[in-house]
1. Hey, could you check the stretch 65-107 for residues that are of a type in the set (Val, Ile, Thr) and closer than 20 Å to Leu139 by Cβ and say which is surrounded by the most Cβ atoms within 10 Å (Cβ to Cβ)?
2. So if I check each of Gly141, Gly163, Gly133, which one is under 18 Å from the mean Cα position of the chain (by Cα), modelled with pLDDT under 95 and within 19 Å of Gly64 (Cα to Cα)?
3. Filter the stretch 12-45 down to the residues that are surrounded by 13 or more Cβ atoms within 10 Å (Cβ to Cβ), assigned to a helix (DSSP H, G or I) and not hydrophobic (A, V, I, L, M, F, W, C) and list them by number.
4. Contact list please: Cβ distance under 8 Å, first residue in the stretch 33-50 and farther than 15 Å from Met122 by Cβ and modelled with pLDDT of 90 or more, second residue exposed (fewer than 12 other Cβ atoms within 10 Å of the Cβ) and of a type in the set (S, T, N, Q), pairs at least six apart or on different chains.
5. Just one of (1) part of a helix (DSSP H, G or I); (2) out of contact with any Leu (no Cβ under 6 Å at 6 or more places or on another chain); (3) of a type outside the set (A, V, I, L, M, F, W, C) trips up Gln155, so point out which.
6. Filter the stretch 130-146 down to the residues that are among the small types (Gly, Ala, Ser) and under 14 Å from Val63 (Cβ atoms), then identify the one that is surrounded by the most Cβ atoms within 10 Å (Cβ to Cβ).
7. Could you grab me the full set of residues in the stretch 58-112 that are touching a residue at least 40 places away in the same chain (Cβ under 8 Å), of a type in the set (Ser, Thr, Tyr) and farther than 23 Å from Phe149 by Cα?
8. Please determine, by comparing only the residues of the stretch 69-92 that are outside any helix (DSSP H, G or I) and of a type in the set (Gly, Ala, Ser), which one is farthest from the chain's Cα centre (by Cα).
Amino acid sequence: MLQKLIDAIAKLLSLLMVASLALMVVLVFTNVVLRYGFNSGLTLSEELSRWLFVWMTFLGAFVGLRDHTHLGTDTLVARLGVTGKKACFVVAHVLMLFMCWLMFQGSWAQFQINLETTSPVMEVSMGWFFASGVLFSALAGLVLVNELFKLATGQLAEQDLIGVTESDDMPHGEPHN
């Protein structure tokens, strides 16, 4: 059930990333045409594009974590037995959970500090800029806890214990679960 929720969130966030990228392209292209063609421009374009880029980066990091598509190396772990792979899986996930906690604390503090500060052009609370880190760390923590639960309940196969997936091992567009 938790996996279905994570998959649905990832699908929704993937669509938001596509929309963000499309909007960024339109904003930047329009701004370039206006500046060079009409000696004008959209003041909003630069700031909104920057916000969209930051949010898209954090959303993409979540989707990448869920799909196991981040860069990594499996030189050591692939040579270990099942017990060693499980131990490395647990250690890696506990460390990532700790990093998510640190990121959550820092992002939440920045969110609160900047809630009353507005952005120069859009005049939107800067707290929402930092909320991207809060959302990422919470969702990433959910993915990591779910994977630890799957390990504890025996739902992971030995190949799932290695967090790196070769691009040739995975059909295009299909996540590694």
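The values are calculated or read from the model by the stated rules, or taken from the named source; none is laboratory data. Because the structure is predicted, anything quoted here is derived from the model rather than measured. Methodologically, a virtual Cβ is constructed for each residue, glycine included, from the backbone with ideal geometry; neighbour enumeration extends over all protein chains shown.
1. Thr69
2. Of the residues listed, the single one that is under 18 Å from the mean Cα position of the chain (by Cα), modelled with pLDDT under 95 and within 19 Å of Gly64 (Cα to Cα) is Gly163.
3. Listed by number, the residues that qualify are Ser14, Ser20, Thr30, Asn31, Arg35, Ser45.
4. Leu34/Ser40
5. Every listed condition holds for Gln155 apart from (1).
6. Ala140
7. Thr73
8. Result: Gly81.
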